[in-house]
Every structure is written in structure tokens, then in C-alpha cells.
1. Looking only at region 28-56, which residues are in contact (Cβ under 8 Å) with a residue 60 or more places away in the chain and in contact with an Asp or Glu (Cβ under 7 Å, 6 or more places away or on another chain)?
2. If you take the residues of region 35-45 that are surrounded by fewer than 18 Cβ atoms within 10 Å (Cβ to Cβ) and touching a strand residue (DSSP E or B) at 6+ places or on another chain (Cβ under 8 Å), which of them is farthest from Ile78 (Cα to Cα)?
3. So how many residues does region 63-118 have that are among the basic types (Lys, Arg) and more than 15 Å from the chain's Cα centre (by Cα)?
4. What is the residue count in region 74-101 for residues that are buried (at least 16 other Cβ atoms within 10 Å of the Cβ) and farther than 23 Å from Thr59 by Cβ?
5. Hey, among the residues in region 57-102 that are among the acidic types (Asp, Glu) and in contact (Cβ under 8 Å) with a residue 24 or more places away in the chain, which one's farthest from Ser41 (Cα to Cα)?
6. For residues that are modelled with pLDDT under 95 and hydroxyl-bearing (Ser, Thr, Tyr), tally how many sit in region 63-82.
7. If I go through region 102-122 residue by residue, how many of them are among the β-branched types (Val, Ile, Thr) and crowded, with 16+ Cβ neighbours inside 10 Å?
Amino acid sequence: MIYGVVNLRREATLSLVVGNSIGQREVIDTVIDTGFDGFLSLPSETIIRLGLPWRTSNTATLGDGSETLFDFYTVTVIWDGQYREIDIAAAETEPLLGMAMLYGYRLQVDDVEGGIVKIEAL
């Protein structure tokens, strides 16, 4: 089981450990975004600091229907106690955790400030 918390802006949040292939790790705070179908987004500052390898560029459709080009990188995350290698999108926003990361899991949110966010395998 994975636990997070609802912040003061009423966002479901989760801290994740991310890292590179040589073992450099850091904890990032993410906002769960059910409108994002990818795994994870990270700002370029974090990508550069960890020296993450570039994978590809691809066009994605945003929530407002517009399309934009994103660069994708490879990162290792600790997810449900396991190391997992995923592709992340570079985006100059707060880190977002998307539905691809949650696939195969149940998401429960006590939607009050300080509420519990619980993610469990199906």
C-alpha cells in the first residue's frame, strides 16, 4: 500500500523516490493528476540535476485540447516497494503523477485538507 496526503490546495499528493542509473536518488512531491495519461512529469531542473537520459520527443494533447511537444526521459522510481523504470515528460510545472502510474491500482482520497490518499494494488 502507498500513502499520500491531501494538501492545503485540496490536491492529492504523493512523495516519490526517483533516481538515475548510477544510484543518485531524491524525493519529489507529486500531485496526482487523473487527467494526465502518462506516468510522471518532472521539471527540467530535476531532469538535469539527475542527468536523466533523453528517450524521445512526442506530441501530446493538453487538457484544453491544444497540442504541444514534450521531451521524454527515463527515470527509476520506487513504486509500491519495487524499483521501476519509466518514461517521464519534461514539463515546467509541479511534478505530476499520471494514470499510467496508477494502472492496476485503486486510488482512494479522503478529500479534506490533511486527508489520506491511499493507493493499493488491485
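The values are calculated or read from the model by the stated rules, or taken from the named source; none is laboratory data. In this text, all values refer to a predicted model and were calculated from it rather than measured experimentally. Neighbour counts are summed over all protein chains in view; Cβ atoms, including those assigned to glycine, are modelled from backbone coordinates with ideal geometry.
1. The answer is Val31, Phe39.
2. Only one residue fits best here, namely Ser44.
3. Adding up the residues that qualify gives 2.
4. 3
5. Only one residue fits best here, namely Asp80.
6. Residues flagged as modelled with pLDDT under 95 and hydroxyl-bearing (Ser, Thr, Tyr) within region 63-82 amount to 2.
7. Matching residues across region 102-122 total 3.
Results for (1) farther than 22 Å from Glu11 by Cα; (2) touching a helix residue (DSSP H, G or I) at 6+ places or on another chain (Cβ under 8 Å), shown as yes or no for each residue.
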| position | (1), (2) |
| --- | --- |
| Pro43 | no, no |
| Arg49 | yes, no |
| Thr59 | yes, no |
| Leu69 | yes, no |
| Tyr83 | yes, no |
| Ile86 | yes, yes |
| Ala90 | no, yes |
| Leu97 | no, no |
| Leu122 | yes, no |
